[in-house]
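All remarks here apply to the structure that follows.
The values are calculated or read from the model by the stated rules, or taken from the named source; none is laboratory data. Note that the structure is predicted; figures quoted are calculated from it, not measured. Glycine also receives a Cβ, built like all others from the backbone with ideal geometry; neighbour counts cover every protein chain displayed. Ligands, DNA and RNA are stripped out before the accessible areas are found, and what is left, the full protein with its side chains, is counted by its heavy atoms. Shrake-Rupley method; radii C 1.70, N 1.55, O 1.52, S 1.80 Å.
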Amino acid sequence: MTDGIEALRGRRARFSKTVGESDIYLFAGISGDFARAHVDEAWCARQPFGRRVAHGVLLMSFMSTCSTLVLDGFEGAALSLGYDRVRFTRPVHIGDTVTCTYEIVAVDAARRRTTGRIEMTNQDGATVAVATHILKVL
């Protein structure tokens, strides 16, 4: 029984967000990650990146948003089984606008799973993160 799972292949979604200072501090509070690289501007000014960087897991939450958007209009339900091959290829700073693109590139109807390819770029078109995501269609 595939009940339309094959129709998910090729679906795409995009999500864009400008990362604000409040995003960094609210995420630090939620996660407990107050690492200096995220919250100490003076310290960061003396480091190679020169300014604060967004949490990698904050960027992954944008990936999760895309995984939800790619299912818009699909009558079934799905849950995340996880992310593989996650790489943060460039820093994301306060004021950067990131765009996450999610595409379902494979469907395993027998196991009721999809594989999504994720790429996140900044406002200059540079890739800042990539990942593979697995969804379990219920």
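Descriptive notes on the structure:
- In loop segments of segment 47-84 as defined by DSSP, the chymotrypsin sites (Phe, Trp or Tyr not before Pro) with at most 14 further C-beta atoms inside 10 Å of their C-beta are 49, 74.
- Value of Rg/Rh across the chain [Cα atoms, Kirkwood radius]: 1.05
- Using the Karplus relation 6.51 cos²θ - 1.76 cosθ + 1.60 with θ = phi - 60°, the per-residue 3J(HN,Hα) values for segment 39-54 come to 10, 10, 4, 5, 5, 4, 4, 9, 9, x, 6, x, 7, 4, 10, 6 Hz, with x marking Gly and Pro.
- For segment 3-82, the normalised intensity computed at q = 0.13, 0.21 Å⁻¹ comes to -0.56, -0.95 (log10 of I(q)/I(0), Debye sum over alpha carbons, equal scatterers, no solvent).
- Residues with amide H under 5 Å from that of residue 128, placed H, sequence gap 5 or more: 120, 121, 122
- Taking segment 19-138 and dividing mean pair separation by its residue count, relative contact order in percent (alpha carbons under 8 Å, at least six apart): 25 percent
- Exposure rank, largest accessible area first [98, 130; 1.4 Å]: 130, 98
- Of 5, 94, the residue with the largest accessible area leads and the full order is 94, 5 (1.4 Å probe).
- Under the simplified labelling scheme, the residue 9-residue 136 pair shows an inter-label distance of 2.3 nm, with each label point 7 Å from Cα along Cα→Cβ.
- Near-label residues of segment 1-32 by backbone N, under 19 Å of a point 7 Å along Cα→Cβ of residue 93: 17-25
- Considering helices alone, the calculated mean residue ellipticity of the chain at 222 nm is -7000 deg cm²/dmol, with DSSP H runs of length four and up weighted by -39500 (n - 2.57) and normalised per residue.
- Accessible surface, 1.4 Å probe, highest first, among residues 99, 68: 68, 99
- Under the combined filter of DSSP loop state and at most 13 neighbouring Cβ atoms within 10 Å, segment 1-105 retains these GluC sites (Glu not before Pro): 75.
- Selection of trypsin sites (Lys or Arg not before Pro), segment 92-138, meeting DSSP coil and at most 12 other Cβ within 10 Å: 111
- The HN-Hα couplings worked out from phi for segment 115-128 by the Karplus form 6.51 cos²θ - 1.76 cosθ + 1.60 (θ = phi - 60°) are 10, x, 9, 10, 9, 10, 10, 9, 5, 8, x, 7, 6, 10 Hz, whole numbers, x standing for Gly and Pro.
- Taking label positions 7 Å along the Cα-Cβ direction at both residue 119 and residue 43, the computed distance is 3.5 nm, reported to one decimal.
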